[in-house]
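Any read-out appearing in this document is the output of simple, stated calculations on the displayed coordinates, not a laboratory observation. A quick note: this is a predicted structure, and the numbers were derived from the prediction, not measured. When we count neighbours, we look across all protein chains shown, and the Cβ atoms used for this are built from the backbone with ideal geometry, even at glycine.
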Amino acid sequence: MIEKFKHDYEVCNCKKVTLGELITSINTNKIKTLGQIQDFTTAGTECRHCIFPETDFGKVKKEIYLKDILKEVQNG
């Protein structure tokens, strides 16, 4: 799923974190949890809409969530 997005796609609008930054951080820091993503990138620490669909209360829904990105990068 993540392959259909450009690396400059902004996953976390509040903190301006892109897909490319998330992939790099997950791989470089060997991130295993959503909490670690938040610690290393600050993504998902403000409004939290980008973490997973269940927390997305925005008017415009995200196309991809941190949970999905983490799972896909971990599974290679």
Quiz item: Which trypsin sites (Lys or Arg not before Pro) does the range 3-71 hold that lie in a coil by DSSP with at most 13 other beta carbons within 10 Å?
Solution: Lys6, Lys16, Lys30, Lys32, Lys59, Lys61
Practice problem: Would you tally the net charge around Ile23, using a Cβ to Cβ cut-off of less than 15 Å, leaving Ile23 out, and scoring K and R as +1, D and E as -1? | Solution: 0
Quiz prompt | Sequence-distant residues sharing a close amide H with Cys12 (under 5 Å, placed H) | solution = Val17
Practice problem: For the range 2-76, run through the GluC sites (Glu not before Pro) and keep only the ones in DSSP coil with at most 13 other Cβ atoms within 10 Å of their Cβ. | Solution: Glu46, Glu63
Quiz prompt | Where labels lie 7 Å past Cα in the beta-carbon direction, separation of Lys16 and Thr28 in nm | solution = 1.7 nm
Quiz item: Taking 0.36 nm per residue of separation and subtracting the Cα-Cα distance, what length does fully extending Phe40 through Phe5 add?
Solution: 10.4 nm
Quiz item: Length gain on complete extension for the stretch Thr55 to Val73, per 0.36 nm per residue less the alpha carbon to alpha carbon distance?
Solution: 4.4 nm
